[in-house]
1. Assess whether Leu127 counts as being closer than 27 Å to Thr229 by Cβ, of a type in the set (A, V, I, L, M) and in a strand (DSSP E or B).
2. Kindly list the number of the only condition in (1) at pLDDT below 95; (2) among the hydrophobic types (A, V, I, L, M, F, W, C); (3) over 16 Å from the mean Cα position of the chain (by Cα) that fails for Ala209.
3. Would you confirm, using the coordinates I've provided, whether Arg66 is part of a loop (DSSP other than H, G, I, E, B), among the charged types (D, E, K, R) and more than 19 Å from Val172 (Cα to Cα)?
4. Go through Ala184, Ala147 for me and flag whichever is surrounded by fewer than 16 Cβ atoms within 10 Å (Cβ to Cβ), in contact with a Leu (Cβ under 9 Å, 6 or more places away or on another chain) and touching a residue at least 24 places away in the same chain (Cβ under 8 Å).
5. Looking at segment 158-169, which of the residues that are farther than 11 Å from Arg124 by Cα and assigned to a loop (DSSP other than H, G, I, E, B) is farthest from the chain's Cα centre (by Cα)?
6. Restricting segment 187-223 to residues that are out of contact with any Ser or Thr (no Cβ under 6 Å at 6 or more places or on another chain), under 29 Å from Asn45 (Cβ atoms) and not aliphatic (A, V, I, L, M), which is surrounded by the most Cβ atoms within 10 Å (Cβ to Cβ)?
7. Being surrounded by fewer than 24 Cβ atoms within 10 Å (Cβ to Cβ) and of a type in the set (Lys, Arg) is the filter; apply it to segment 224-242 and report the residue that is farthest from the chain's Cα centre (by Cα).
8. Applying the selection to segment 203-241, what residues are in a loop (DSSP other than H, G, I, E, B), of a type in the set (A, V, I, L, M) and more than 28 Å from Pro25 (Cβ to Cβ)?
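The values are calculated or read from the model by the stated rules, or taken from the named source; none is laboratory data. As the structure is a prediction and not an experimental result, all values here were calculated from the model. Neighbour counts run over all protein chains shown; Cβ positions are idealised from the backbone, glycine included.
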Amino acid sequence: MRRTSLGAGVAAAITDRRGGVSAAPYDTLDLAAHVGDQPSDVATNRGRLAAALGLGLGDLVWMDQRHGREVAVVTERSAGPVSGVDGLVTTERGIALAVLVADCVPVLLADPQVGVVGVAHAGRRGLAAGVIDAVVEAMSGRGADPARMDAIVGPGICREHYEVAADVRDEVGAAVSGSVATTAAGRPALDLPAGALRRLKELGLKRAALFADCTYEDPLLYSYRRDGTTGRFAALVWLEPA
């Protein structure tokens, strides 16, 4: 697991496959309850993650992700996932917002000055639909300023391994500048991390870091395109308790 900071009082983490109890093909720290893994193993993995972060299991807030642009503002802890959204925002301390991925791009955002954090699940469809815009807008509605925000674009599938049909590439490229790509063999592809990073800058963010790990190439990360049936890793951000 990689831990980092998004400014004073804001913590972030990106997990990998290590440290859990799930059996193959989900081995081992699968955090997704929707991919066919044993529910008891996923629950154990989530408990281990919470403990490693110094948080309680109930402090982790998950999404029932749909590849759209809907965003929920989290004001309290929840026993289940927030339904039908691909973005979360909170001003509550000690609540860790989580996004699950296995090729899609996780985006973590924070404005430490006013105490607002957010996450976005930026797959091909969500990125084109404007999920990053929607999270930034929701954060701005709670006093955040894009010019003050820090952001992390987490690991996703790289352009070399995300070949798509030409019409799909062109459709996404028309909505997201910087996302059009080709593979080394000259086939149409998408570069989702580059597109997410470009969109953050277009929205006024001056500090956005790209974690360039390719999920397809890194065996410590889950990749749906590489493995098919597989688990999901998580990216999380939270305001540290006072």
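1. On the way: closer than 27 Å to Thr229 by Cβ: yes; of a type in the set (A, V, I, L, M): yes; in a strand (DSSP E or B): no.
No, not satisfied.
2. Single failed check for Ala209: (3).
3. Values: part of a loop (DSSP other than H, G, I, E, B): yes; among the charged types (D, E, K, R): yes; more than 19 Å from Val172 (Cα to Cα): no.
No.
4. Numbers: Ala184 fails: in contact with a Leu (Cβ under 9 Å, 6 or more places away or on another chain).
Criteria check complete, one pass: Ala147.
5. Of the residues in segment 158-169, the ones farther than 11 Å from Arg124 by Cα are 158-161, 163, 165-167.
Now drop any that are not assigned to a loop (DSSP other than H, G, I, E, B), which leaves 158, 165.
Values: Cys158: 15, Ala165: 24 Å.
Selected residue: Ala165.
6. Pro193
7. Once the filter is applied, the top-ranked residue is Arg226.
8. Restricting attention to segment 203-241, the residues satisfying the condition of being in a loop (DSSP other than H, G, I, E, B) are 203-206, 211-213, 215-223, 228-232, 240-241.
Adding the requirement that they be of a type in the set (A, V, I, L, M) leaves 203, 205, 212, 220-221.
The answer is Leu203, Leu205.
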